[in-house]
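Notes follow the structure.
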Amino acid sequence: MNHQSPVFVAASVYGTLAERRGQAYIAAMAARSGAAGFEIRRELLEGGEPPYEELRAAVQGGGLRAAYSVPVELWESDGSLNREQLLRALEEGRKLGAEFVKTTLGGYRHGLSDLSALRVCLEEAGYMKLPIQLTVENDQSEHGGRPAVLKSFLDDCAELHIPVRMTFDVGNWLWLGEDIVAAAQLLTPYIVYVHFKWSATCDGVMAAAPLPADADARWRDVLSCFSAELPRVIEFPIAVEDSERATRYYVELLSQA
C-alpha cells in the first residue's frame, strides 16, 4: 500500500436507520469506523427546521470533514438557472460546515443557458468567500449523466472562471452503459469528489450494490484516474446488522484500494 485515501460515508447507505436514529448518530458511527468524512443528505433531514447545529457539531466533534448532498438540479428543464434552490443549498451547506455541496446538472444547454446568472447567484451567496466547493454529479438521466454534456458545462464554467467542479459517481455510469474509465479520463480535470457504488440486477432491474472485493473487480480500474487525496465516498447499501463493523471493513477497502 502506497497511500491511504480519505473515505467519506454517505448517510443514505443504512436504509431507514438515518430516519430512525438521525444523521448525527450515523456521523458518530462513521467516525468510530475510521472514516475521514460524512455526507449529509437533505432528503433524510427531519420535517420542520433541520438540526443544522446538531449535525455540524456531530460531524466536527468526530473529527470529520463534511459534504452536503442536495437532490436538486442546478439548471431547470428549460435551461434556466434553478436560482432559489442553489442559494438555499449553499446557505444550508454553510450552516452545516460543508466542504462540498453536491447537486446534479439538470437541463443545462450550451450556448443558451445563462452562465452569467450562475456567476451573479454565486456572488450573491458569498460563495467566493466560503470554504465550500460546489459540484455537479453525473446522475442516471440522459440530460445529466452523459460525459460529453457534463464536460461541456464544466468547460464553459472554466472558460469564464466560474469555480464549479464535479462529483464523479462510479456506479451511475453503469445505468447508462457508459465506459467508466473513459468518462473519468475525459472529466479528470474537474473531479474533486468520488462516489463509489456498484450495481446488481434482480428480475431485470438494476439496483445499487456494494463494491466487489475481488482484486480484479472492474471498479478498481478507475482508481488510477484520480489523485489519492480525492475523497472516496461509500454510497452503496450497508447491512444494518453490525453496521459499524461492516462500515469499518468498507472504509479500509476503499482507503487502501
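The values are calculated or read from the model by the stated rules, or taken from the named source; none is laboratory data. Being a predicted model, the structure only gives us computed values, none of them experimental. Methodologically, a virtual Cβ is constructed for each residue, glycine included, from the backbone with ideal geometry; neighbour enumeration extends over all protein chains shown. All accessible areas refer to the heavy atoms of the entire protein, side chains included, with ligands and DNA or RNA removed. Shrake-Rupley method; radii C 1.70, N 1.55, O 1.52, S 1.80 Å.
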In this structure, does GLY126 turn out to be closer than 30 Å to GLY97 by Cβ and either modelled with pLDDT under 95 or among the small types (Gly, Ala, Ser) (or both)? yes
So, first residue within 14 Å of ALA246 (Cα to Cα) in the range 11-22, second residue aliphatic (A, V, I, L, M) and in a helix (DSSP H, G or I), Cβ within less than 7 Å, six or more apart or across chains; the pairs are TYR14/ILE26
Of the residues in the range 209-225, those that are farther than 17 Å from GLU39 by Cβ and either of a type in the set (Phe, Trp, Tyr) or open to solvent by less than 30 Å² (accessible area, probe 1.4 Å) (or both) come to ALA209, ALA217, TRP219, VAL222, LEU223, CYS225
Residue count, the range 227-248, condition surrounded by fewer than 18 Cβ atoms within 10 Å (Cβ to Cβ) and either under 19 Å from VAL181 (Cα atoms) or of a type in the set (Val, Ile, Thr) (or both), comes to 5
With criteria (1) outside any helix (DSSP H, G or I); (2) open to solvent by less than 20 Å² (accessible area, probe 1.4 Å), VAL251 comes up short on (1)
Taking the range 4-33 and keeping residues surrounded by fewer than 17 Cβ atoms within 10 Å (Cβ to Cβ) and within 19 Å of the chain's Cα centre (by Cα) leaves GLY15
Taking the range 105-125 and keeping only residues that are open to solvent by less than 10 Å² (accessible area, probe 1.4 Å), among the aliphatic types (A, V, I, L, M) and more than 21 Å from ASN172 (Cβ to Cβ), one is left with LEU118, LEU122
Every listed condition ((1) touching a residue at least 12 places away in the same chain (Cβ under 8 Å); (2) at positive phi) holds for GLY48 save (1)
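Condition check ((1) assigned to a helix (DSSP H, G or I); (2) closer than 18 Å to GLU91 by Cβ; (3) at pLDDT below 95) across all residues:
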| site | (1), (2), (3) |
| --- | --- |
| GLY34 | no, no, no |
| PHE38 | no, no, no |
| LEU55 | yes, yes, no |
| GLY63 | no, no, no |
| ALA66 | no, yes, no |
| PRO71 | no, yes, no |
The residue that is farthest from GLU178 (Cα to Cα), considering only those in the range 126-159 that are open to solvent by 20 Å² or more (accessible area, probe 1.4 Å) and touching an Asp or Glu at 6+ places or on another chain (Cβ under 7 Å), is PRO131
With criteria (1) part of a loop (DSSP other than H, G, I, E, B); (2) at pLDDT below 95; (3) under 17 Å from ILE238 (Cβ atoms); (4) of a type outside the set (S, T, N, Q), GLU46 comes up short on (3)
